[in-house]
């Protein structure tokens with residue numbers, strides 16, 4: 001497992017980007033739940049932010065791809081608007097242990 005950050009470093013209603021072992025990851029906290037996805041839009045595979053750690057729309061209720069404006073639900077990564085409609089962000093496996101977020105090793 002790879003340590004990402006403490007749960008306190010990820011503020012409620014905000015997002016944070018990470019580069020770990022060559023992988024780009026998005027973390028979002030909404031209603032106390034934490035969600036992690038690969039930082040790659042399903043449309044073209046591009047990284048989704050123009051400004052570091054800013055992955056959410058202005059209402060902080062959806063993940064937004066800055067490249068094409070696609071909007072994704074935070075809770076499951078499903079695209080609800082944009083060029084990749086009905087496709088989803090790739091979830092990243094993680095565990096929380098003693099208020100620290102750890103990535104779980106995968107085959108990628």
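Pop a pseudo-label 7 angstrom from the Cα along the beta-carbon direction at both residue 8 and residue 75 and give the gap in nm to one decimal.
Calculated label separation equals 2.9 nm.
Remind me, relative contact order of the chain in percent, using alpha carbon pairs under 8 angstrom and six or more residues apart?
26
Using 0.36 nm per residue, how much length does the chain from residue 23 to residue 58 gain when fully extended, once their Cα-Cα distance is taken away?
10.0 nm
Computed FRET efficiency, Cβ-Cβ of residue 91 and residue 68, R0 35 Å: what is it to the nearest 0.05?
Rounded to the nearest 0.05, the efficiency is 0.95.
Counting every Cα pair in the chain, what percent are over 23 Å apart?
20
For residue 34, put the label point 7 Å out on the Cα→Cβ axis and report which residues of the range 53-75 keep their amide N under 19 Å from it.
Of the residues in the range 53-75, 53-56, 63, 74-75 have backbone N under 19 Å from the label point off residue 34.
Using alpha carbons only, how many angstrom separate the centre of the range 1-38 from the centre of the range 64-85?
If we compute the Cα centre of each part, the gap is 18 Å.
Where a number appears in this text, it was derived from the coordinates with a stated rule and is not lab data. If you're wondering where the values come from, they're calculated on a predicted model, not measured in any experiment. So basically every Cβ, Gly included, is an ideal-geometry build from the backbone, and we count neighbours across all protein chains shown.
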